[in-house]
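The values are calculated or read from the model by the stated rules, or taken from the named source; none is laboratory data. This one's a predicted model, so the numbers in the text were calculated from it and none came from an experiment. Because the Cβ atoms are built from the backbone with ideal geometry, glycine has one as well, and the counts that use them run over all protein chains shown. These area figures cover heavy atoms from the full protein model, side chains too; ligands, DNA and RNA do not enter into them. Shrake-Rupley method; radii C 1.70, N 1.55, O 1.52, S 1.80 Å.
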Amino acid sequence: MSIPNNSPSAATRTGTAGTTVITNIASLVTNDPSLGDGSPIGLIQDAAVVIDGDRVVWVGESSKAPATDNAVDAGGRAVVPGFVDSHSHLVFAGDRTREFNARMSGRAYSAGGIRTTVAATRAATDAELSANVARYLAEALGQGTTTLETKSGYGLTVEDEARALRIARDHTDEVTYLGAHIVPPDHADDPAGYVALVTGGMLDACAPYARWIDVFCEKGAFDGDQARAILTAGRAKGLHPRIHANQLTYGPGVQLAVELDAASADHCTHLTDADVDALAHSDTVATLLPGAEFSTRAEWPDARRLLDAGATVALSTDCNPGSSFTSSVPFCIALAVRDMGMTPDEAVWSATAGGAKALRRTDIGRLTPGARADLALLDAPSHVHLAYRPGVPLVSSVWQRGERVR
């Protein structure tokens, strides 16, 4: 779901009754190949969008736009669908600046640093955690993100995981139970007992607040057998699987994701040919998170290899305090184009329609009749500027559910 009305940005929302046309759009990304130039992004030049309520009801050339009750002049800007960030970790407290500084000074990244955030998150109040989530959601919204998934995973007790999900659900419906982030220090000598907790009492407490279940299938976290048990237990409770897979090393995560029909396998940095083939012949999306590689100086995922094989690719931020402390999808688009072999068109598609597929949504990530009216206006004539002008705040206006919120 989108960033909700109770975010700090709600005060900036403006709405108008009746139909509204946004006209004088230099170029419009629809993500419908039957429109415009016939490319996967369905690019329409000199375009207009008509909104009725929270839905898009018409797109096309500006000169052919139907009469509406209201009109907004885009001023020759480009328009893209609102970004769909399908992977983040926003329910946390504390700071890991020292860890980042040490890593930039030569220490390798490992899963162990998560324990620092766990301690700070357990000590924080509900109000502090909720304020943090609202802050980062508002930050993301200002950069064009209109739908954002977020996870638990920094509590790792029954009470703390359940409250993390309750807090997350106040801000988004795309909520993921990640009790299997790491084995916490208080279960270090009994990882099997922790898996039993994650699949038992913790799952019972958390399932009512979540849509998804996730597991960090990685050396230093959970192996393939443990991950299968956790995801299978979640699926039996009505939660759909997604998985942190193949980030730090080669491993079983991607194959397990495809086996269990996970919505996405996230990271996908270290892939065998069999992994790539499995993703290309499945409905599991390969979600790439270049902010993590940027912040850990790790090897970049090979998006070109996945795309050429026919896999569906999403781009997301992985916003978290340890390995990717960015909420900027435009930044991730620029990284993907510069260092992961993606074209600007592919990167924008993956950050919009690709993210929607990773959440198994058809109402977002596109600007076609019937889609939700989530869109971003860029202070540029083309979506290519998102990669062409990295680091520049190009998003000038954001519409969410048919209302101008920025």
With every protein chain in place, the accessible area of E61 for a 1.4 Å probe, in Å² rounded to the nearest 10, comes to 90 Å²
Among (1) 21.8; (2) 23.8; (3) 21.2, the entry matching Kirkwood radius over Cα pairs in Å as calculated here is (3)
Protection proxy (average C-beta count within 10 Å per residue), highest first, orders 144-152, 336-344 as 144-152, 336-344
Carbon and sulfur atoms account, in whole percent of the 1.4 Å probe accessible area of segment 103-240, for 50 percent
If each K or R counts +1 and each D or E counts -1, the residues other than C217 whose Cβ falls under 14 Å of its Cβ total -4
Mean separation of Cα contacts under 8 Å (at least 6 apart) over the residue count of segment 316-381, i.e. the relative contact order in percent, is 17 percent
Checking segment 24-129 for trypsin sites (Lys or Arg not before Pro) in a loop per DSSP with at most 15 other beta-carbon atoms within 10 Å yields R107
Note, A93: beta-carbon cut-off 13 Å, +1 each Lys/Arg, -1 each Asp/Glu, net 0
Output for segment 291-330: trypsin sites (Lys or Arg not before Pro) sitting in coil per DSSP, at most 12 other Cβ within 10 Å, listed by number, reads R297
Restricted to the chain, the DSSP antiparallel beta bridge percent, nearest 5, is 50 percent
By the mean-Cβ-within-10 Å protection proxy, highest first, 83-95, 242-254, 213-225, 185-197 rank as 83-95, 242-254, 213-225, 185-197
Over the chain, with neighbouring protein chains present, the accessible area per residue in Å² at probe 1.4 Å is 36 Å²
